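Notes follow the structure.
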Amino acid sequence: MFKIVALCLAGTLLLVLLKPARPEYAMLLRLALLLVVFAALLEGVGSVVSGTSALMTLVGENGEIVRVMLKALGISLVAQIASDLCKDSGEQTLAGVVELAAKLGILIMALPLAAQLAEMCLGWLQ
Amino acid sequence: MEITFIFKIAGIGIIVAMLYQILSKSGRDEYAMLVVLAGIAVIAVMMIPQIETLIDLVNASFDL
């Protein structure tokens with residue numbers, strides 16, 4: 001965790017140095033910093049993912065739901081970072097479009113689950 | 001490996017900023033712009049493998 005803090009501080013310092021002189025390089029440096037920090041972040045996420053999936057297998061056969069949840073988590077993480085990056089460099093509309101695409105992706109992924117839920121409810125009613 | 005990657009890119013940025021100043025002050029503005037574009041291209045090419053490893057990591061950890 002401290003590695004990430006150190007990385008971000010060093011990167012911010014370099015960004016402040018570069019921004020007035022060459023703003024486009026500040027953008028590229030921000031992207032590189034993002035790649036490195038996100039990779040460092042993902043090491044922690046791996047254990048979380050395996051922990052939750054192990055926990056969920058106890059619940060029963062619906063491992064499918066766990067997979068869809070994890071996918072939604074992954075998509076929302078990436079989309080959040082991408083839209084923040086767009087906002088940083090002043091592109092508000094692009095940030096909105098990225099978030100819209102992520103919502104669409106998650107919605108498409110969740111549709112079969114909704115159908116499954118509907119069937120379950122109908123089964124109980126009859 | 002990561003921190004050197006960031007310093008490499010920051011170094012390129014600083015060098016190009018200096019070169020731009022030197023070239024533009026000595027009247028060669030077109031060369032200065034060419035140096036800036038070259039720097040951007042170099043950094044973009046350097047970043048492609050990094051992006052690829054990151055996407056693989058994301059797919060692996062979230063099994064997308």
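Go from 0 up to the bin containing the longest alpha carbon distance in chain B, width 10 Å each, and give me the % of pairs per bin.
20, 35, 24, 14, 6, 1
Between A:L9 and A:A101, what is the label-point separation in nm under the 7 Å Cα-to-beta-carbon projection?
Taking the simple label geometry, A:A101 and A:L9 are separated by 3.5 nm.
Go through A:V49, A:M109, A:I4 and say which Cα lies farthest out towards the positive end of the charge dipole of chain A; charges sit on Cβ, +1 for Lys and Arg, -1 for Asp and Glu.
A:I4
Count, for each residue of A:97-105, the Cβ atoms from other chains sitting within 10 Å of its Cβ, then give me the mean as a whole number.
Per residue, the average neighbour count from other chains is 0.
Pick from A:R67, A:R30, A:R22 the residue whose mean-square fluctuation is largest in a GNM of chain A, springs joining Cα atoms under 10 Å.
Largest GNM mean-square fluctuation: A:R22.
Where in the range B:48-64 does the amide nitrogen come within less than 18 Å of the point 7 Å from the Cα of B:F5, taken along Cα to Cβ?
From the range B:48-64, the list is B:48-62.
With no solvent and one point on each alpha carbon, what is the Debye value of log10 I(q)/I(0) for the range A:8-84 at q = 0.11 Å⁻¹?
Result of the Debye calculation: -0.44.
Treating cross-link reach as a plain straight distance, find the lysines whose alpha-carbon is under 22 Å from the alpha-carbon of B:K8, omitting any fewer than eight places away in the same chain.
A:K3, A:K19
Pull out a ≥ b ≥ c, the square roots of the eigenvalues of the alpha-carbon gyration tensor of the range A:47-126, then state rounded if a/c is under 1.5, prolate if not and a/b is larger than b/c, and oblate in the remaining case.
Because a/c hits 1.5 or more and a/b fails to exceed b/c, the range A:47-126 counts as oblate.
So for the pair A:S89, A:S76, with labels modelled 7 Å out along Cα→Cβ, what separation do we get in nm?
Rounded to a tenth, the inter-label distance reads 2.7 nm.
Label-point separation (nm) for B:S26 and A:S53, each offset 7 Å from Cα along Cα-to-Cβ?
Here the answer is 5.9 nm between the modelled labels.
Counting only other chains, what is the mean number of Cβ atoms within 10 angstrom of the Cβ of each residue in peptide B:52-62?
5
Shielding by partners for A:29-41, please: the mean number of other protein chain Cβ atoms within 10 Å of each residue's Cβ.
Going residue by residue through A:29-41 and averaging, the value is 5.
Show log10 I(q)/I(0) for the protein assembly as shown at q = 0.10 Å⁻¹, two decimals, from a solvent-free Debye sum over equal Cα scatterers.
Computed log10 I(q)/I(0) values: -0.56.
Return the calculated 222 nm mean residue ellipticity for the protein assembly as shown, to the nearest 500 deg cm²/dmol, obtained by summing -39500 (n - 2.57) across DSSP H runs with n ≥ 4 and dividing by the residue count.
-33000 deg cm²/dmol
Take the alpha carbon gyration tensor of the range A:1-43, find the square roots of its eigenvalues, order them as a ≥ b ≥ c, and report rounded if a/c is under 1.5; if not, report prolate when a/b exceeds b/c, else oblate.
oblate
Excluding ligands, DNA and RNA, what is the solvent-accessible area per residue of chain B at a probe of 1.4 Å, expressed in Å²?
On a per-residue basis, chain B sits at 60 Å².
The values are calculated or read from the model by the stated rules, or taken from the named source; none is laboratory data. Note that the structure is a prediction, hence the values are computed from the model and not measured. Heads up, the Cβs are rebuilt from the backbone with ideal geometry, glycines too, and the neighbour counts pull from every protein chain shown. The accessibility values were calculated without ligands, DNA or RNA, using every heavy atom of the protein model including side chains. Shrake-Rupley method; radii C 1.70, N 1.55, O 1.52, S 1.80 Å.
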